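J.: Handing you this structure, nothing more for now.
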Amino acid sequence: MSAVRLLKHYEKIAEAPDAIARLRQFVLDLAVRGRLVPQDANDEPAVNLLKRIANERARLGIQNVIVPNASDEVPFELPTGWSWSRVGEICSKTGSGSTPRGGKDVYKSSGIPFLRSQNVYDDGLRLADVAYIDPETHARMSGTRVLAGDLLLNITGGSMGRCCLVPSEFGEANISQHVAIIRVAVRGLETFLHRLVLSPYFQAFIFDEQTGAGRGGLPKNRMDQIAVAMPPFAEQQRIIAKVDELMELCDRLEIARAKREGVRDKLAAADLARLNAPAPETFQSNIRCALDALPALTARPDQIKGFRQTILNLAMRGKLVPQEPNDEPASESLKRISVERAELVKKKEVRREHPFEPLKLSEVPFGVPRSWVWARIGEAVLFTQYGTSQKANPSEEGVPVLTMGNIQDGLVVWSDEKRIPSTSDDLPVLYLRKFDLLYNRTNSAELVGKTGIYLGDDDARTFASYLIRLRPSLSSSNPRFLNLAMNTPDFRETQIQPLIKKQTGQANVNGTALKNMLIPLPPLAEQYRIVVKVDELMGLCDRLEAGLAESSAIRRHLLDALIAEALTPADIYELEAAE
């Protein structure tokens, strides 16, 4: 198995989300193991190079305190001409910077650049937000001044492991305590060492050796001990050239992939645009074309998410299923709900509500078919009700209390961790019934307003006060349709988001606002047809997502297998000759 053979298989793995990133890592892994370019018997062996490094360190007065490599510590078998060493043995300086006395207060608008972790990237220094210190502070911190040819390695925090090579034309600079200098003892080794530090082999040591609670760190004494497979100097140059060549290939592959994704995104967007602004005479053919093309146009879950949102928006505009002239108009269903609500008031099961303000044309978000009506939520359900404010506790007895975390993806899921006593004064009034909707009135801004449908047993669970229960009329409305309508992107954009208020770090949309929100209501028979069609199309989306996940897993397994085979201990070039 070889790198060339892996590249031949690239088309089979190209759509894996991390294929190119893994390919880059694969190249670096081959490079630092001596498997990217052939060895040349005429090269001066690395042992001579290490002797020159040792002599230079001695000339600089650097004592060798590194523990020699033990045979059982050798990470992998070396090619001919290579030798093992350690970071501390090949460098004249390693170690982190420091914080100038006075911290950020001593930063200047100009002066000597003070490099921090946010300035260090694998492809070089980024100086857009660089800090500066004055020459006097720089002089006091002379032990951590940066020289051209230094490697700068982030050794703490979320960017730990990023490493760049300071260019030869770079002037004076200093570094913070979150960045380490790695300065080779003999110039000319820094470019190969940079590739080594970025390799999966070296990065694994960095993260395995990190210390510190809450913020990872790589101390100098541990960094100095990291084993380095040192090639002959001439082979280093060939490795660097080959790595650069293959990284350029990866760049081209990334550009080609981005173009493919761009074309696919444009085609998918055009299909969704035709569906979201449909012409009546072409809509049915457009949706058939969109459904036929969907598997070819979807390579990422976010593309399927867009189609799901389009399905829901079409459903709420009366565009997903045809209207039937014999359907009873939705206005008749509203009248029956009103009569049913009045009966509950008469029985004192619910409180009488103040009449709702008549709808104004300016309030209606979009047009709907003639047989539909726009209604306020409070008119479309029998009643709304806040949950219990009684504190729930972990217990094996009592009545489970559902909370905002139980509303997930339009459903009410449950666990029985916290309960209130079955003798609570809030019961039996606040027992849930099947098909009740629970609305999340308090949560983070992106979750407040989410609604779920309860499909559990009657009189088995209750709900907390930061949820609101909506009781639908089972004879005059379809609870599943109401739940779909309240979870559409349109409903969130036009009804929820404009009413969000922030209170003590949480977003809130209260019960009064909820009852006055607008919802499009089709005839009852059409509500059922819409739910069936939405379920059918969501099932298609589920299958597409499952197919994407399966394809992605297959590509990833293939990529793993190809890389693992390429990194087996056998000599790469002997295998190529045998193939």
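J.: Kindly list the number of the only condition in (1) at pLDDT 95 or above; (2) part of a loop (DSSP other than H, G, I, E, B) that fails for PHE481.
T.: (2)
J.: Then there is this: Would you please list the contacts, defined by Cβ atoms under 8 Å and residues six or more apart or on different chains, that run from a residue in segment 88-112 that is in a loop (DSSP other than H, G, I, E, B) to a residue that is basic (Lys, Arg) and surrounded by fewer than 17 Cβ atoms within 10 Å (Cβ to Cβ)?
T.: From residues that are in a loop (DSSP other than H, G, I, E, B), the pairs are PRO100/ARG140; ARG101/ARG140.
J.: Please report, ordered by residue number, the strands (runs of 3 or more DSSP E) entirely within segment 350-439 with at least 2 residues that are touching a residue at least 24 places away in the same chain (Cβ under 8 Å) and among the aliphatic types (A, V, I, L, M).
T.: Filter on segment 350-439 gives 373-376, 399-402.
J.: Another question, if that's okay. On the given criteria, is LYS502 farther than 24 Å from PRO400 by Cβ and at pLDDT 95 or above?
T.: Considered against the rule, which asks whether it is farther than 24 Å from PRO400 by Cβ and at pLDDT 95 or above, LYS502 comes out as no.
Condition check ((1) assigned to a helix (DSSP H, G or I); (2) assigned by TED's automatic domain parsing to the domain that holds THR99; (3) crowded, with 16+ Cβ neighbours inside 10 Å) across all residues:
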{"position": "GLU169", "(1), (2), (3)": "no, yes, no"}
{"position": "ILE182", "(1), (2), (3)": "no, yes, yes"}
{"position": "TYR201", "(1), (2), (3)": "yes, yes, yes"}
{"position": "ILE206", "(1), (2), (3)": "yes, yes, yes"}
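J.: Is there a residue in segment 260-268 that is part of a helix (DSSP H, G or I), modelled with pLDDT under 65, within 23 Å of the chain's Cα centre (by Cα) and surrounded by 14 or more Cβ atoms within 10 Å (Cβ to Cβ)?
T.: no
J.: A further question on this structure: Among the numbered criteria (1) without any contact (Cβ under 8 Å) to a residue 60 or more places away in the chain; (2) among the hydroxyl-bearing types (Ser, Thr, Tyr); (3) part of a loop (DSSP other than H, G, I, E, B), which one does SER338 miss?
T.: Condition (3) is where SER338 drops out.
J.: Pull up segment 430-459, narrow it to residues that are of a type in the set (A, V, I, L, M) and at pLDDT below 95, then point me to the one that is surrounded by the fewest Cβ atoms within 10 Å (Cβ to Cβ).
T.: Only one residue fits best here, namely ALA445.
J.: Now for a separate question. Considering each of VAL345, VAL412, VAL381, VAL364 in turn, give the residue that is under 35 Å from the mean Cα position of the chain (by Cα) and aliphatic (A, V, I, L, M).
T.: After applying the criteria, what remains is VAL412.
J.: Let me ask another. Answer yes or no: is there a residue in segment 92-103 that is touching a helix residue (DSSP H, G or I) at 6+ places or on another chain (Cβ under 7 Å), within 27 Å of GLU235 (Cα to Cα) and small (Gly, Ala, Ser).
T.: yes
J.: In this structure, does PRO355 turn out to be surrounded by 15 or more Cβ atoms within 10 Å (Cβ to Cβ) and either farther than 20 Å from PRO498 by Cβ or aromatic (Phe, Trp, Tyr) (or both)?
T.: No.
The values are calculated or read from the model by the stated rules, or taken from the named source; none is laboratory data. Remember, predicted model here, so these are calculated numbers, not experimental data. FYI the Cβ positions are ideal-geometry reconstructions off the backbone, even for glycines, and counts take in every protein chain you see.
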